[in-house]
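The structure under discussion appears below in the form of structure tokens.
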């Protein structure tokens, strides 16, 4: 829905305004969710040896970790439109912490697979993050806000690659057996998620004007009961080809990102014969790109939108996704460790930029169903990861060959951006909303100065 107090700039040192509180807590919450979601990934070489997992079983675990998120994101997109992002995030953090804490009780491939499947629910947190910043920031900055909160949250995927092996080593140094150390290590992100859930409930609001209940009273026209002839938002989104174009493109960027988070540590360990801790640090470099690259994608999309309208955003998305596919093809062919790391970093930058540019378009697809559209597009990311997972579980392809095939697929999918078109009315509405919010902020600033 549209509200009228959206922020027109990002003030990183502001921790008091409702818009910036949401900005900071949404990326922090997503960070800890990502930390729990992929906490076991850098420890898979240890878990593989203990549980005697085959390549096919590891592939199944990869698929399980992202498949449940598809359905969770669709449900969360529907739920957040109805109860608001504050409660939705709180419930998800608290519920999601349970399988993270309990996965340490796994004693076989089957039990580990079940817990890994349950942990995948946490990935739906991304939809809430994008929804919450979408309703807090104006069109001139919403792409940057969405990309930054998602990118800094995604940083959890890189940090976990580096930190979890160190925590694992710490528990071993305390005299805990290697077979048990990884189990204790998973307690850390679980507790962090619980604490974050409590903080999110206490220090955020659903909208700039307040929580959902108050906003319903302020703007009843946005929540009036629809006639039976009105299409349901979910069905409307399903019939929009732009949503499906974004679905496939997000599968080609975020889906690939999830895949790399799952296989990077074990890939470097096996391919280049390096220690687990070293492999984790190198794998973590891929995730570190989210610190700035996703923001860069959203920022450049905002600039393209200001200069060329919504069609400028679509063109930029297609270009950067094509660059991602080409850079992945190059990375897949590297056999020297330093060159492989460098090419992975370049590839990682384009992955993040493409993801940021995708969600810089999402808020403009359907203003009445931002949560639903966010959920469907977000589910595309996990659908892409599931499809990629099948390449990595088979013995027919090595990891390098699978990555090469994925690079070709990404390059082809980038042309889906040609289906993301906007009407003259859509372009005009985007310009009018931008002008209105900027004028309102200018007026508020002048009033503050006079007072």
* Structure fact -> Gyration tensor (Cα only) of the chain to equivalent ellipsoid, semi-axes in Å sorted down, yields 36, 24, 20
* region 92-189, relative contact order [Cα under 8 Å, separation at least 6], % -> 32 percent
* Tell me, what is the percent relative contact order of region 25-157, built from C-alpha pairs under 8 Å that lie six or more residues apart? -> 47 percent
* Kindly express, to the nearest 10 degrees and within the range 0 to 90, the angle between helix 109-119's C-alpha long axis and the longest C-alpha principal axis of the chain. => 20 degrees
* Asked: Can you give me the pair-distance distribution of region 370-429, C-alpha pairs, 10 Å bins, whole percents?
  -> 18, 35, 28, 13, 6, 0
* Asked: Relative to the first principal axis of the alpha-carbon coordinates of the chain, what is the inclination of helix 18-37, with its axis defined by its Cα atoms, in degrees from 0 to 90 and to the nearest 10?
  -> 20 degrees
* Which whole-number percent is the relative contact order of the chain (Cα, under 8 Å, 6+ apart)? -> 27 percent
* Across the Cα atoms of region 37-122, what radius of gyration and what greatest pairwise Cα-Cα distance (Dmax) are found, in Å? -> 14.3, 45
* For n ≥ 4 DSSP H runs only, could you compute -39500 (n - 2.57) per run for the chain, divide by its residues and tell me the 222 nm figure to the nearest 500? => -25500 deg cm²/dmol
* Asked: How much FRET efficiency would the formula 1/(1 + (r/R0)^6) give for residue 401 and residue 13, where r is the Cβ-Cβ distance and R0 is 51 Å, rounded to 0.05?
  -> 0.60
* To do: For an R0 of 30 angstrom, estimate the FRET efficiency from the Cβ-Cβ distance between residue 443 and residue 311 and round to the nearest 0.05.
  => 0.50
* Asked: Pairing the Cα long axis of helix 241-272 with the longest principal axis of the chain, what angle in degrees results, from 0 to 90 and rounded to the nearest 10?
  -> 30 degrees
* Inter-label distance, nm, simple model (7 Å from Cα along the C-beta direction), residue 107/residue 342 -> 5.1 nm
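FYI, it's all coordinate maths here, none of it is from the lab. Since the model is a prediction, treat every value here as computed from it, not as a measurement. Cβ: placed from backbone, ideal geometry, glycine included. Neighbour counts: every protein chain shown.
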